[in-house]
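Trainee: This is the structure, below, for whatever I ask next.
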Amino acid sequence: MDLLVSSLAILARWDVVAALLVGSVGGVLIGAIPGVGPAVAIAILLPATFSLDPIVGLTALLGIYGSSMYGGAIPAILINTPGTAVNALTTYEGTPMTRRGEARRALSLAYSASFCGGVFSVACLIALSPVLAKIAPMFGSREIFLAALLGIVLVILSHRGQVLAAGMTSCFGIWIGTIGLEPVKYSQRYTFGQSWLAGGVDLIVVVLGLFAISQAFLLLVEDDKFSKAEGIGGGLFAGFRELLRHKRVAAVSSSFGVAMGMIPGVGEFTAQFLSYTYAQKTSEAPEDFGNGSPEGLVASEAANNAVPAAAMIPLLALGIPGEALTAMMLSVFYVHSVVPGPQLFQSQLDFVVALYIALLILNVLVVAFLLVSTNQLLRVIEIPTRFLGVAILVLSFVGVYSLRNSAIDCAIAAGFGVLGFALKRLSLPIVPIILGMVLGGIMEIKLRTSMMRVDSPVDFINRPIAFILFVIILIVVGAHVRSAWLKYRIGKESSNGG
Amino acid sequence: MSKELIVSGKAARPGGLAFAALFVAFSLFLLSQLGAQTTASPSSQLFSRPSFWPAVGVAGMTAFGVLHLFAERKNRHGGAKEALVWIRALEYLLWFMAYVWIVPVIGYLLATLAFAALLSVRVGYRTWPPVLGATALGFCVVLVFKAFLSVKIPGGAIYDALPEGIGNFMIVNF
């Protein structure tokens, strides 16, 4: 009870309330505009939050992260264009429902499923917090190194069909993270004698370049796209009643979201994929999937929205971000000298619970906002894409230049913008670059610290959690190698047979 | 994870081979510089050497890059056309850098208004509503970030020419 009271006291401030409102409404708006997305918005807003208290800045960013997927469902359902990348699966069911005149039902169901996923996720986290507070201190340097290594491995392997590209971009990220002065012996690494490289390449600069500036370039280079969505008549409450008919799918999908969100490097897509597959396999009408199945819509949206809160677990408990958005949030912690990790759960559990409560309030605010303003939100879908490109470029400047007033930072960000542009055009993965940078830095420090305390490599895994993590890494890599080998053999046999 | 994981899978894209070749060439260059650009410190433990993590990164880049290049070897279509699109993006890089260069000269407000208006004309808008809309957006961005959130953007050199009171006001807010 004391914990709850002190957590609520952290939130009982006007600036936190303002951050909650800005985050929830802003996130919905950003999510509803195809071509922007939470990564772009968070990258741009990140430097502006550095002057705010950690709870204020993180609440605003978490709000954008958590609520953007609610907004992203609107264009996914109404105009067959996902507002954010993770709403892609929603188009499979939402658009056919709209075509047969059930847009209001689809939107209502999407909001209620999203709310269910979001609230379920936060409830799980609040319930799990005491357990995490006990487990997190068991993670020493070697366990954190192995967890980060597992994160990298999962990031690479989860890009099915693009494992090699994900591997090369992850390693590129690891290399970028090493540029500049080495942290212990202060020797220069890959600075080529340039003093402006001695401080290394700032994560925010890379993030802004890869996500925001590249997106602006993409929108400016491509033809203008205009979208038009028809207004929705009637209320949107009915979905909450209908959700009760799909409570099993909603509960299982939310659980998948929580489980996948907690694993570094996995996230929304796997959660969605597993939930959707589960819903289809257990449905009484599997043939409806892809043709406007309410169950498919519930599975997709509930799984999506359960992830953001769960993704905070590895970040808060171990200091390991599982995906790009939490990697960006890590920098907010660092700027304020709050070190996420096992000690945070021991010494500032009220801060952690305050963040969870903020997420809970955010979900309520977002649904309330959407229930009354969906028709007005349809206007933002109509913004032409090139105009958005101009807007993103103007906003990106603030993000980069306000960091250090450095034109060199801007040039580096613009360079990464071109790289991100090429990667996006080629459909190659970008997120592994960011995770490589962040996790590579963590792995370097933790490996160095832990190797000083072990006599032989076997000692490295002589603690239970380290051993379990090591075995998981072996199993994950082994399973992937086996499946790749089987695929190769099947391909060879079929080509020989044909 | 990325959108393409579900949406586009393994579809070959134009320019894939050129990008893979450029990436491998860059990786090999970095690999050749490993000795010169890092300190090996042979006396210390392997994992503690300053050169260890750059070596991990660059070796991984090279290994995965070569395998990716091998996988892309048959993707030869549309490379030149795609390269032209990449070059078109460079034009907007120049626009962005011109904006960065001009802010300390004419100030954040004027530079942003001019940048938003001119860029909207450059991308093809020829009627007043979108151009004015872009300009208004630029004004709002300056107002929110500089005047309200007080982000660190220095005043323009042009403000020195203004009377002291107005100059200070402009430096603080715009």
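The values are calculated or read from the model by the stated rules, or taken from the named source; none is laboratory data. Quantities reported herein were computed from a predicted structural model and do not represent experimental measurements. Glycine also receives a Cβ, built like all others from the backbone with ideal geometry; neighbour counts cover every protein chain displayed. Note: areas computed on protein heavy atoms with side chains; ligands, DNA, RNA excluded. Shrake-Rupley method; radii C 1.70, N 1.55, O 1.52, S 1.80 Å.
Trainee: Please express the shape of region A:342-407 as an equivalent ellipsoid: the semi-axes are the square roots of 5 times the eigenvalues of the C-alpha gyration tensor, given largest first in whole angstrom.
Mentor: On the way: eigenvalues 214, 142, 8 Å².
Equivalent ellipsoid semi-axes, largest first: 33, 27, 6 Å.
Trainee: Compute the normalised compactness of chain A: alpha-carbon radius of gyration over 2.2 N^0.38 Å, N being the residue count.
Mentor: Details: Rg = 22.5 Å, N = 498, 2.2 N^0.38 = 23.3 Å.
Here the answer is 0.96, to two decimals.
Trainee: How far apart, in nm, are the 7 Å Cα→Cβ label points at A:Asn375 and B:Phe29?
Mentor: 5.8
Trainee: Over region A:267-328, with the other protein chains present, what is the accessible area per residue in square angstrom, probe 1.4 angstrom?
Mentor: Working: 1460 Å² over 62 residues.
Solvent-accessible surface per residue comes out at 23 Å².
Trainee: Same structure again: Which of the aspartates and glutamates could a cross-linker span from A:Lys247 if the Cα-Cα distance has to be under 15 Å and same-chain partners fewer than 8 positions apart are dropped?
Mentor: A:Glu284, A:Glu295, A:Glu301
Trainee: Same structure again: Tell me the label-point distance for the pair A:Tyr186, A:Ser51, using the 7 Å Cα-to-Cβ offset, in nm and rounded to one decimal.
Mentor: Roughly 3.2 nm, to one decimal.
Trainee: What average count of beta carbons from other chains do you get within 10 Å of the Cβ of residues in B:114-122? It would help to have the intermediate numbers written out before the result.
Mentor: Details: counts 0, 4, 5, 1, 1, 7, 5, 0, 3.
The shielding value for this peptide is 3.
Trainee: Can you list the residues, at least 5 places off or on another chain, whose amide H is less than 5 Å from the amide H of A:Glu323, using H built in the peptide plane?
Mentor: Those lying under 5 Å, H to H, from A:Glu323 are A:Gly265.
Trainee: Percent of accessible area on the protein assembly as shown owned by carbon and sulfur, 1.4 Å probe? Can you show the working numbers first?
Mentor: Working: 18420 of 26960 Å².
The computed percentage sits at 68.
Trainee: Gap in Å between the Cα centre of region A:410-457 and the Cα centre of region B:127-158?
Mentor: 33
Trainee: May I ask you to list the lysines whose Cα is less than 28 Å away from that of A:Lys446, ignoring any residue fewer than eight positions away on the same chain?
Mentor: A:Lys134, A:Lys185
Trainee: For a protection proxy built on the mean count of beta-carbon atoms within 10 angstrom, sort A:391-397, A:112-118, B:63-69, B:92-98 highest first, please. Could the numbers behind the result be given before it?
Mentor: Details: A:391-397: 25.3, A:112-118: 28.9, B:63-69: 20.4, B:92-98: 18.3.
Packing order, densest peptide first, comes out as A:112-118, A:391-397, B:63-69, B:92-98.
Trainee: Kindly point out which whole DSSP H helices in chain B project their C-alpha atoms 30 angstrom or further along the helix axis while averaging a Kyte-Doolittle hydropathy of -0.5 or above. Each step should come with its number before you reach the end.
Mentor: Working: long enough: B:79-106 (40 Å, 1.24).
The answer, listed by residue number, is B:79-106.
Trainee: Right, here's the next one. Quick one: accessible area per residue over region A:1-155, 1.4 Å probe, rounded to a whole number of Å²? Can you show the working numbers first?
Mentor: Values: 4810 Å² over 155 residues.
I get 31 Å² per residue for this part.
Trainee: To check my understanding: the extent here is largest minus smallest coordinate of the Cα atoms along each principal axis. What are those three numbers for chain B, in Å, largest first?
Mentor: 62, 49, 27
Trainee: Next up: Based solely on its DSSP helices, what 222 nm [θ] is calculated for chain A when runs of n ≥ 4 H residues each add -39,500 (n - 2.57) and the sum is averaged over all residues, nearest 500 deg cm²/dmol? The partial results should precede the final answer.
Mentor: Working: 21 runs with 362 residues, N = 498.
Result for chain A: -24500 deg cm²/dmol, rounded to the nearest 500.
Trainee: Set the Förster radius R0 to 22 Å, insert the Cβ-Cβ distance between A:Leu3 and A:Ala251 as r into 1/(1 + (r/R0)^6), and round the FRET efficiency to 0.05. Could the numbers behind the result be given before it?
Mentor: On the way: r = 27 Å, r/R0 = 1.21.
E between A:Leu3 and A:Ala251, to the nearest 0.05, is 0.25.
Trainee: What GluC sites (Glu not before Pro) in region A:204-287 are in a loop by DSSP, with at most 11 other Cβ atoms within 10 Å of the Cβ?
Mentor: A:Glu230, A:Glu284
Trainee: Between A:Met452 and B:Ala83, take the C-beta separation as r, use R0 = 60 Å, and let me know the FRET efficiency to the nearest 0.05. Numbers along the way, then the final one.
Mentor: On the way: r = 49 Å, r/R0 = 0.81.
E(calc), rounded to 0.05, equals 0.80.
Trainee: Of the listed pairs A:Lys228/B:Lys81; A:Lys424/B:Lys81; A:Lys225/B:Lys152; A:Lys487/B:Lys74; A:Lys228/A:Lys424, which have alpha-carbon separations greater than 27 Å here?
Mentor: Values: A:Lys228/B:Lys81 31 Å; A:Lys424/B:Lys81 16 Å; A:Lys225/B:Lys152 35 Å; A:Lys487/B:Lys74 19 Å; A:Lys228/A:Lys424 25 Å.
Going by Cα-Cα distance, A:Lys228/B:Lys81; A:Lys225/B:Lys152 fall outside the 27 Å limit.
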